[in-house]
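Bear in mind these aren't lab numbers, they're just calculated from the coordinates by the rules spelled out. Owing to the predicted nature of the structure, the values given are computational and were not obtained by experimental measurement. Ideal geometry is used to build each Cβ from the backbone, glycine not excepted, and the neighbour counts take in all protein chains shown.
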Amino acid sequence: MRTHFLHRAAAAATVLSVVAVGCKKAAPPPPAAPPPAPVAVASVDLGKQLGPDKRVVQAMTTFGVRDTIYASVATTGTATSAVLTALWTFQTGQKVDSTATTIAPTGPAQTEFHIVKASPWPKGKYKVAIWLDGQVAGEKEFEVK
Amino acid sequence: MTDPNEPLPDFSDVQGGSSSTAPKPQEQTYTVVKGDSLSKIAKALYGSAGKWKVIYEANKDMIKNPDLIYPGQVLRIPPV
């Protein structure tokens, strides 16, 4: 009797599992990959020497009158086209230089801007503003002594 | 304190430049609409109106006078 019951139970379980397989829902589609992060400025560092990775060798905010001044801009994110602009100004608000470059980063990237002057830099305070697609994305002040 | 009578310093001999580890974008095209000028397009696409000459140089075959561009013209926009 007990054996008979077990056989029936096993048969029922088999039928149920076949039905379950037959009714199995299609696997849900894999979640869509998140959209790539838009490009953003992560940091701005100043220096007078660049490494091969376009980062400043030593970050500083005081320069000599004969120095070439570098601003190294770290960006994150991706873009098919993004305009980075460096606007250099003197303490009077006078424009020293403005340079724009278009990049298509596919991940973290380093972009350097530099200014060099044939005659000595006037001593005083300066500022470089980094614009990303028309919006200020970073600023750094420095001094020439 | 800055003396207002002091002459402004001369930055005319400053040279600026840039380079990046990021790749440059592929050349784009831009279709001129009413009210456009080369400097307006350069400002929008390069962030600097002064770069209009880059667009002019790349499209000299179809732009005879840089002050005259026409709606519908498709301009090459080289990366800068």
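Details
- Within-13-Å neighbourhood charge of residue A:82 [Cβ basis; K, R +1; D, E -1]: 0
- Taking other C-beta atoms within 10 Å as the exposure proxy, B:8, A:50 rank B:8, A:50 from fewest upward.
- Restricting attention to the range A:40-144, close to 95% of DSSP beta bridges with both partner residues there are antiparallel.
- The range A:28-86 and the range A:89-142: distance between their alpha carbon centers, rounded to Å: 12 Å
- The rule of thumb for compact globular proteins, 2.2 N^0.38 Å, goes into the C-alpha radius of gyration of the range B:12-57 1.37 times.
- Evaluated with a Cβ-only charge set (Lys, Arg +1; Asp, Glu -1), the protein assembly as shown carries a dipole of roughly 1140 debye about its Cα centre, given to the nearest 20.
- The alpha carbon radius of gyration of chain B, expressed as a multiple of 2.2 N^0.38 Å, is 1.48.
- Residues A:46, A:84 arranged by fewest to most Cβ contacts within 10 Å: A:46, A:84
- The lysines whose alpha-carbon is closer than 28 Å to the alpha-carbon of residue A:145, local same-chain residues fewer than 8 away aside, are A:48, A:54, A:95, A:117, A:123, A:125, A:127.
- A crude spin-label estimate for the pair residue B:26 and residue A:27, with each label 7 Å from Cα along the Cβ direction, gives 3.3 nm.
- Residues B:76, A:55 in ascending order of nearby Cβ atoms (within 10 Å, fewest first): B:76, A:55.
- Projecting the Cα atoms of B:77, A:98, B:12 onto the dipole axis of the protein assembly as shown, where Lys and Arg carry +1 and Asp and Glu carry -1 at the beta carbon, places B:77 farthest toward the positive end.
- Computed over chain B, relative contact order equals 36 percent, with contacts defined as Cα pairs under 8 Å that lie 6+ residues apart.
- Its convex hull of Cα atoms gives the protein assembly as shown a direction-averaged projected area, equal to a quarter of the hull surface, of 24.6 nm².
- Computed [θ] at 222 nm, deg cm²/dmol, chain B (DSSP H ≥ 4; -39,500 (n - 2.57); rounded to nearest 500): -5500 deg cm²/dmol
- Averaging 1/r over every pair of different alpha carbons in the range A:40-144 and inverting the result gives a Kirkwood radius of 13.9 Å.
- Cα point-scatterer Debye curve for the range B:36-77, base-10 log of I(q)/I(0) at q = 0.14, 0.15, 0.17, 0.27 Å⁻¹: -0.24, -0.28, -0.36, -0.94
- Residues residue A:95 and residue B:5, FRET efficiency given R0 of 22 Å [Cβ-Cβ distance, rounded to 0.05]: 0.55
- Interchain or long-range residues, amide H under 5 Å from residue A:63's placed H: A:143, A:144, A:145
- Percent RCO, i.e. relative contact order, over the range A:40-144, from Cα pairs under 8 Å lying at least 6 residues apart: 31 percent
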